[in-house]
């Protein structure tokens, strides 16, 4: 077995945590801060340009001790070594999991089946660099000789969410090219995008490992038909490139073989933005910024692999998440970045976390009787404060939250930045302390309104403070959450790198589509049959 196979609930540390939980679950964090003036510094990790304060959690040093013992008991260190060694830890699909190799230096040694994959990775990186520079500098043009002005990324899932999030996050660093993303098979989506485009100056990047994905190929063919209204078949080779392993299908589409960027099966889709899947990122912000994104992620890889667990950011955050998920029974986590640039960050993490760890069967194939994956959601602050923060502050649910902020703004508007960060800091303070009945009365509030203005507090948060949003710091941040996913999967004894849960709906959709196209009938439940008949009747 490439991974340890240990039921966490049967470990000694889990039992200690359960007993410990009974003694601490009712304790207010205000008391913990009052009892220990050094609490904040004890529960803070300073690393590179990251300052991670996890002191506003319902934990003590004893909690952390037992959580670290749990990490040792489930053999987390051995699991990390197995992953970085290229062992087949994605056992259900028979694959290694080596997205870390994509951002490692050329001198690194990452092996798959005994072969170092770094040379082929750097061959592709050089191809991405050359292609990017040719497009950005205007040396590669469209079929009429005009420079490209727009890039359209056509993909779905990991072939869309990662690049779309990063391009959005790095708008400050973008060049003259405007990048669009087409993902949904909804025809209104693709048509809204192409109506803004000039076929003479648009480059299309089709991202599909198999080049058979229904949504991606449907959108690609719709765009191709639109393009051919203005150009002939030969022009496809100048305007369409592909990131895929299916050379035959790509060439049949009309794409020049020289414009095919390879992928590898040891890179999962939701961890693939570091590969040629990130071509649209490189085109949007320039290859040097893309390279800095990779360098940042590599720095976090090294931290995760080598740092002691007690001072290891992804490990500590993962352990705290397990603490709330499995002992406090908190089902969701909010991710609140105080930067509008990270508008799509929570959406990106939803796939990364929920598709990875949304599993109900352990690594033995047995049903699990404990909670696994958490529900992830969030929006940027301060917008979120005027939306769902009411629920976090005064609702009945316990919702741990990650607050992500940057000490410096990119446009150097200190007035705005001071207001932003004052809110960033105030919200975690308010969630910690709340407001007592006595505080409310002291404000002169009418007795009848007092119960409605009391805040319980004791709401847990992590604060991730980063110096500035740059390609490098973004790479570190994304990799931090990737490794957090891995740690949680190891603790929960599940396989984090398959996603069979997405298949059933696809299979049934193909079956129903066949019925539409052939007027055939299959057996459905009465609800689905009625809905199908309703659609047929009005479409």
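The values are calculated or read from the model by the stated rules, or taken from the named source; none is laboratory data. As the structure is a prediction and not an experimental result, all values here were calculated from the model. Counting neighbours? That spans all protein chains shown, and the Cβs are built from the backbone with ideal geometry, glycine included.
Out of 279, 217, 273, report the one residue that is in a helix (DSSP H, G or I) and crowded, with 23+ Cβ neighbours inside 10 Å.
From the options 279, 217, 273, the qualifying one is 279.
Mind counting the residues in the stretch 10-56 that are assigned to a loop (DSSP other than H, G, I, E, B), in contact with a strand residue (DSSP E or B) (Cβ under 7 Å, 6 or more places away or on another chain) and touching a residue at least 60 places away in the same chain (Cβ under 8 Å)?
Residues flagged as assigned to a loop (DSSP other than H, G, I, E, B), in contact with a strand residue (DSSP E or B) (Cβ under 7 Å, 6 or more places away or on another chain) and touching a residue at least 60 places away in the same chain (Cβ under 8 Å) within the stretch 10-56 amount to 3.
If you go through the stretch 152-161 one residue at a time, do you hit one that is out of contact with any strand residue (DSSP E or B) (no Cβ under 7 Å at 6 or more places or on another chain), crowded, with 22+ Cβ neighbours inside 10 Å and either touching a residue at least 60 places away in the same chain (Cβ under 8 Å) or farther than 27 Å from residue 265 by Cα (or both)?
Residues of the stretch 152-161 that are out of contact with any strand residue (DSSP E or B) (no Cβ under 7 Å at 6 or more places or on another chain), as a first pass: 156-158, 161.
From the residues that got through so far, the ones that are crowded, with 22+ Cβ neighbours inside 10 Å too are 158, 161.
Filter again for either touching a residue at least 60 places away in the same chain (Cβ under 8 Å) or farther than 27 Å from residue 265 by Cα (or both), leaving 158, 161.
For the stretch 152-161, residues out of contact with any strand residue (DSSP E or B) (no Cβ under 7 Å at 6 or more places or on another chain), crowded, with 22+ Cβ neighbours inside 10 Å and either touching a residue at least 60 places away in the same chain (Cβ under 8 Å) or farther than 27 Å from residue 265 by Cα (or both): present.
Could you please let me know if residue 109 is touching a helix residue (DSSP H, G or I) at 6+ places or on another chain (Cβ under 9 Å) and surrounded by fewer than 18 Cβ atoms within 10 Å (Cβ to Cβ)? Walk me through how you get there before you give the answer.
Values: touching a helix residue (DSSP H, G or I) at 6+ places or on another chain (Cβ under 9 Å): yes; surrounded by fewer than 18 Cβ atoms within 10 Å (Cβ to Cβ): yes.
Yes, satisfied.
Among the helices (runs of 4 or more DSSP H) contained in the stretch 304-396, which hold 3 or more residues that are touching a residue at least 24 places away in the same chain (Cβ under 8 Å) and buried (at least 22 other Cβ atoms within 10 Å of the Cβ)?
Details: elements: 313-326, 345-349, 389-394.
Where helices (runs of 4 or more DSSP H) fall fully within the stretch 304-396 and carry at least 3 residues being touching a residue at least 24 places away in the same chain (Cβ under 8 Å) and buried (at least 22 other Cβ atoms within 10 Å of the Cβ), they are 313-326, 345-349.
Evaluate the following for residue 292: is it surrounded by fewer than 22 Cβ atoms within 10 Å (Cβ to Cβ), assigned to a helix (DSSP H, G or I) and either assigned by TED's automatic domain parsing to the domain that holds residue 402 or touching a residue at least 12 places away in the same chain (Cβ under 8 Å) (or both)? Before you say what the answer is, go through the steps one by one.
Values: surrounded by fewer than 22 Cβ atoms within 10 Å (Cβ to Cβ): yes; assigned to a helix (DSSP H, G or I): yes; either assigned by TED's automatic domain parsing to the domain that holds residue 402 or touching a residue at least 12 places away in the same chain (Cβ under 8 Å) (or both): yes.
For residue 292, the condition - surrounded by fewer than 22 Cβ atoms within 10 Å (Cβ to Cβ), assigned to a helix (DSSP H, G or I) and either assigned by TED's automatic domain parsing to the domain that holds residue 402 or touching a residue at least 12 places away in the same chain (Cβ under 8 Å) (or both) - is met.
Looking only at the stretch 485-508, which residues are in contact (Cβ under 8 Å) with a residue 60 or more places away in the chain, assigned to a helix (DSSP H, G or I) and surrounded by fewer than 21 Cβ atoms within 10 Å (Cβ to Cβ)? Before the answer, list the steps.
Filtering the stretch 485-508 for residues in contact (Cβ under 8 Å) with a residue 60 or more places away in the chain gives 485-502, 506.
Then drop every residue that is not assigned to a helix (DSSP H, G or I), which leaves 485-491, 500-502, 506.
Residues satisfying the conditions are 500, 501, 502, 506.
Within the stretch 155-178, can one find any residue that is within 23 Å of the chain's Cα centre (by Cα), closer than 20 Å to residue 213 by Cβ and in a strand (DSSP E or B)?
Scanning the stretch 155-178, I find no residue that is within 23 Å of the chain's Cα centre (by Cα), closer than 20 Å to residue 213 by Cβ and in a strand (DSSP E or B), so the answer is no.
Residue-by-condition table, conditions (1) over 30 Å from residue 116 (Cα atoms); (2) assigned by TED's automatic domain parsing to the domain that holds residue 194; (3) free of Cβ contacts under 8 Å to residues at least 60 places away in the same chain; (4) under 22 Å from the mean Cα position of the chain (by Cα):
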| residue | (1), (2), (3), (4) |
| --- | --- |
| 220 | yes, yes, no, no |
| 229 | yes, yes, yes, no |
| 238 | yes, yes, no, no |
| 246 | no, yes, yes, no |
| 263 | no, yes, yes, yes |
| 267 | no, yes, no, yes |
| 283 | no, yes, no, yes |
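Looking for something surrounded by 13 or more Cβ atoms within 10 Å (Cβ to Cβ), in contact (Cβ under 8 Å) with a residue 12 or more places away in the chain and closer than 30 Å to residue 355 by Cα - is there at least one such residue anywhere in the stretch 511-521? Show your work before the answer.
Restricting attention to the stretch 511-521, the residues satisfying the condition of being surrounded by 13 or more Cβ atoms within 10 Å (Cβ to Cβ) are 512, 515.
Now drop any that are not in contact (Cβ under 8 Å) with a residue 12 or more places away in the chain, which leaves 512, 515.
Cutting the leftovers down to closer than 30 Å to residue 355 by Cα gives us 512, 515.
Yes, some residue in the stretch 511-521 is surrounded by 13 or more Cβ atoms within 10 Å (Cβ to Cβ), in contact (Cβ under 8 Å) with a residue 12 or more places away in the chain and closer than 30 Å to residue 355 by Cα.
If you go through the stretch 195-211 one residue at a time, do you hit one that is in the same structural domain as residue 226 (by TED's automatic domain parsing) and farther than 20 Å from residue 227 by Cβ?
Filtering the stretch 195-211 down to residues in the same structural domain as residue 226 (by TED's automatic domain parsing) leaves 195-211.
So of that shortlist, the ones also farther than 20 Å from residue 227 by Cβ come out as 209-210.
There is at least one residue in the stretch 195-211 that is in the same structural domain as residue 226 (by TED's automatic domain parsing) and farther than 20 Å from residue 227 by Cβ.
Could you count how many residues in the stretch 57-92 are touching a strand residue (DSSP E or B) at 6+ places or on another chain (Cβ under 8 Å) and not assigned by TED's automatic domain parsing to the domain that holds residue 328?
Initial filter on the stretch 57-92 (touching a strand residue (DSSP E or B) at 6+ places or on another chain (Cβ under 8 Å)): 57, 85-86, 88.
When the remaining residues are screened for being not assigned by TED's automatic domain parsing to the domain that holds residue 328, the result is 85-86, 88.
So the answer is 3.
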